Amino acid sequence: MYRFLTTPRWWGINIFVLLAIPFCIFMGTWQLGRFEDRVDSHQEAEAHRPGPGAGPGAAKAAPLDELLPVTKETSGRHATASGRYGEQFLVPGRELDGRTGSYVLTLLRTDGGKALPVVRGWLPEGGRPPAPPAGEVTVTGALQASENSGTKGVHAAGGLPEGQVGMISAASLVNLVPGDVYDAWVTLTDAPSGLTPVPAAAAEGTGLDLKAFQNLGYTGEWFAFVGFALFMWFRLFRREAEAARDAALGLPPEPSPAAEPAQAVQAPEPSPAAEPAQAAQPAEPSRAAELS
């Protein structure tokens, strides 16, 4: 009864299913691994990220040069640097706790001569930024990678007033200040009076964003394909087995339901030829004849 499994058609179906199932399982497992990696990196970044208002002793700080270049592992780590504050800018259009304001960005001229962008805090709209302290200072803050045009809150179109920048990056600052600028920045763990500490952002590719949950959705899709392939194979197998059983019992195959052909519009049968006019009845005798 199952001889149909040896036909070329069923050889092709079986080979396709046997190849499709492990491929879908592999792809689903790979997508699940991608999601788990994002979760692990997110948890690790959260562990290294200082909270708003965290003091310098909240996490072990390392010299800035030891943490460069910024990677997923060093992003959010506490870094220390010494130098003198120089130029100061406002970075407008930045949100914090649902309010819009500006970052107060001050360049720290380090002992090595390079300028380190330091976000001293967040300033609400209409506020006046406090002047940076004079003299030699040592700052401790969370290390962050330079922003790009895809970073949330970045104003990359230009046209800002003097004293404002739309992006915290060496590329946007190198033409505004003399000397070299670090391709990184720090956000202070202790903000001066009148400013709110800016929490460190998760490194790119480590947060549980929409892309991370897309990996989880793709995982479900690949495993759903496995179930669909098994379902379709079983459905075809059952149909062929029933047809083979009916043939063995000598039962005629059930006709497949087909749309009934539209009835042809039949032309009306031609009407029989008009019968010949009946012979004229003999005319009634004229009144004159009757009177005669």
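The values are calculated or read from the model by the stated rules, or taken from the named source; none is laboratory data. Source: prediction; values computed, not measured. All accessible areas refer to the heavy atoms of the entire protein, side chains included, with ligands and DNA or RNA removed. Shrake-Rupley method; radii C 1.70, N 1.55, O 1.52, S 1.80 Å.
Here are a few things to note about the model shown:
- Accessible area per residue (1.4 Å probe, heavy atoms of protein chains only) ranks 120, 128, 235 as 128, 235, 120, with the largest value leading.
- Heavy atoms of residue 91 accessible to a 1.4 Å probe, total area in Å² rounded to 10: 0 Å²
- Estimated at the nearest 10 Å², the accessible area of residue 249 is 120 Å² with a 1.4 Å probe.
- Rg/Rg_globular for the range 99-178, with Rg_globular taken as 2.2 N^0.38 Å and Rg from C-alpha atoms: 1.14
- Ranking of 122, 30, 222 by solvent-accessible surface, largest first: 30, 222, 122 (1.4 Å probe, protein heavy atoms only, all chains present).
- Working value for the range 112-228: equivalent-ellipsoid semi-axes of 37, 17, 15 Å, each the square root of 5 times a Cα gyration tensor eigenvalue, largest first.
- Accessible surface, 1.4 Å probe, highest first, among residues 219, 71: 71, 219
- Distance between the C-alpha centres of the range 180-194 and the range 103-155: 4 Å, rounded to the whole angstrom.
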